[in-house]
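**Student:** Let me give you the structure first, and then I'll get to my questions.
The values are calculated or read from the model by the stated rules, or taken from the named source; none is laboratory data. Just so it is clear, the model here is predicted, and its values are computed rather than measured. In this analysis, Cβ positions are derived from the backbone assuming ideal geometry, glycine residues included, and neighbour counts consider all displayed protein chains.
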Amino acid sequence: RCRHRLARGLAERPPAGREAPPDLAVQTVLDPPVERVDAATFAAKALADRLAAMLAGRALAVTRVRVEAATEHGEELARVWRHDDGFTAVALAERVRWQLDGWLSGTVGSSPATGPGGSGSNLVRPGVTPHQTSGHGATPGQKRTSGRPTAGVSLLRLVPVEVVGIGRQLGLWGEDNGGQERVERAVDRVLGLLGPTAVVTAVLAGGRDVAGRVRAVPWGEPRAPDPLDLLPWPGRLPVPSPGTVAPAPIPAELTAVDGAPVEVTGRFVASSAPTRLRLAGRPAVEVVAWAGPWPVDARWWDPGSHRRQARVQVVTADERAHLLVLESGRWQLEATYD
């Protein structure tokens with residue numbers, strides 16, 4: 001990844017985040033209190049513009065921000081949002097809108113809400129100390145109440161939690177990286193129309209199945225590996241991973257030179273070298289190279305979920321490479337290498 005960044009003309013590492021100075025927090029008092037999301041969003045946009053101007057004056061971008069709202073009855077809602085590339089004023093206002101929309105409609109409270117870069121949300125009634133969540137729900141014993149607030153929103157506050165330094169980063173050939181900014185603005189518009197989980201990015205995860213190794217992460221959330229992803233996962237495919245995964249396994253026939261089906265023994269040894277591949281609905285093609293089989297003997301201790309498979313890679317005469325899996329005596333195509 002480091003070499004890829006250098007080849008693109010970017011810095012060796014992205015800017016490291018640091019704790020935001022306390023004087024960057026901004027707030028606005030809504031008088032009279034508002035009960036409609038659109039009215040609160042209008043105030044949030046002005047507040048976000050103000051924060052963005054303050055950050056720009058210090059050459060900073062905010063990557064984690066806590067959005068706090070309070071009613072005239074003392075009810076409070078706080079949520080931390082995260083965006084690895086830094087929030088724009090528009091993106092900040094959108095997060096406030098999503099947060100208030102769930103609160104004012106009564107859909108948050110009894111469980112942590114999630115969204116791109118969100119780390120949960122709390123509705124706190126008078127007399128209960130507000131709690132900032134940390135990404136894993138509430139702390140043990142934390143009291144929550146559900147339902148709509150009993151009064152209009154009277155206070156909005158944006159508190160930067162983490163900031164990074166910004167600068168004009170030129171590409172390898174001297175071009176400005178405006179294309180990425182346009183993409184981010186377009187994504188923010190889609191999120192505003194369809195909701196906070198409408199856009200996802202794919203990251204590699206741990207596992208043995210090809211399809212299961214792709215994890216969808218909502219736009220703006222950290223894409224750091226899960227601890228389970230770092231486990232050895234015996235039976236996992238060797239790199240490189242296939243680029244195209246079939247939506248559903250495609251039935252296949254893999255045969256030897258004499259036309260007999262290729263089988264795999266109990267010790268995961270191929271009965272013969274494959275020479276021909278026929279996929280469902282397609283003509284047979286010659287196999288010019290192959291590798292494997294690789295065994296998968298998952299959950300052997302549990303008869304109900306035990307899976308025993310063998311995978312092979314084949315290259316056909318039409319210069320395509322496929323991943324095939326044998327399970328319960330049947331060959332299927334799982335994926336294709338691009």
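**Student:** Please verify whether segment 241-253 includes one or more residues that are exposed (fewer than 11 other Cβ atoms within 10 Å of the Cβ) and either at pLDDT below 80 or assigned to a loop (DSSP other than H, G, I, E, B) (or both).
**Tutor:** Yes, there is a match, as at least one residue in segment 241-253 is exposed (fewer than 11 other Cβ atoms within 10 Å of the Cβ) and either at pLDDT below 80 or assigned to a loop (DSSP other than H, G, I, E, B) (or both).
**Student:** Another question, then. Return yes when residue 216 is of a type in the set (A, V, I, L, M), out of contact with any Cys (no Cβ under 9 Å at 6 or more places or on another chain), closer than 29 Å to residue 279 by Cβ and not assigned by TED's automatic domain parsing to the domain that holds residue 100 and no when it is not.
**Tutor:** yes
**Student:** Check 287, 269 and return the single one that is under 15 Å from residue 333 (Cβ atoms) and among the aliphatic types (A, V, I, L, M).
**Tutor:** None of the others qualify; the one that does is 287.
**Student:** Select from segment 293-313 the residues that are among the aromatic types (Phe, Trp, Tyr) and either loosely packed, with under 14 Cβ neighbours inside 10 Å or touching a Cys at 6+ places or on another chain (Cβ under 6 Å) (or both) and write down the one among them that is modelled with the lowest pLDDT.
**Tutor:** Ranking the qualifying residues of segment 293-313, first place goes to 300.
**Student:** Tell me which residues, restricted to segment 185-198, are assigned to a loop (DSSP other than H, G, I, E, B) and either free of Cβ contacts under 8 Å to residues at least 24 places away in the same chain or assigned by TED's automatic domain parsing to the domain that holds residue 95 (or both).
**Tutor:** 198
**Student:** What number of residues within segment 199-224 satisfy the criterion of being surrounded by 14 or more Cβ atoms within 10 Å (Cβ to Cβ) and either among the hydrophobic types (A, V, I, L, M, F, W, C) or in a helix (DSSP H, G or I) (or both)?
**Tutor:** 8
**Student:** If you don't mind, another one. State all residues of segment 314-325 that are farther than 18 Å from residue 207 by Cα and buried (at least 16 other Cβ atoms within 10 Å of the Cβ); if no residue qualifies, say none.
**Tutor:** Answer for segment 314-325, where residues must be farther than 18 Å from residue 207 by Cα and buried (at least 16 other Cβ atoms within 10 Å of the Cβ): 314, 315, 316, 321, 322.
**Student:** In this structure, is residue 160 outside any strand (DSSP E or B), assigned by TED's automatic domain parsing to the domain that holds residue 71 and at pLDDT 70 or above?
**Tutor:** Taking the combined requirement at face value, the residue does not satisfy it.
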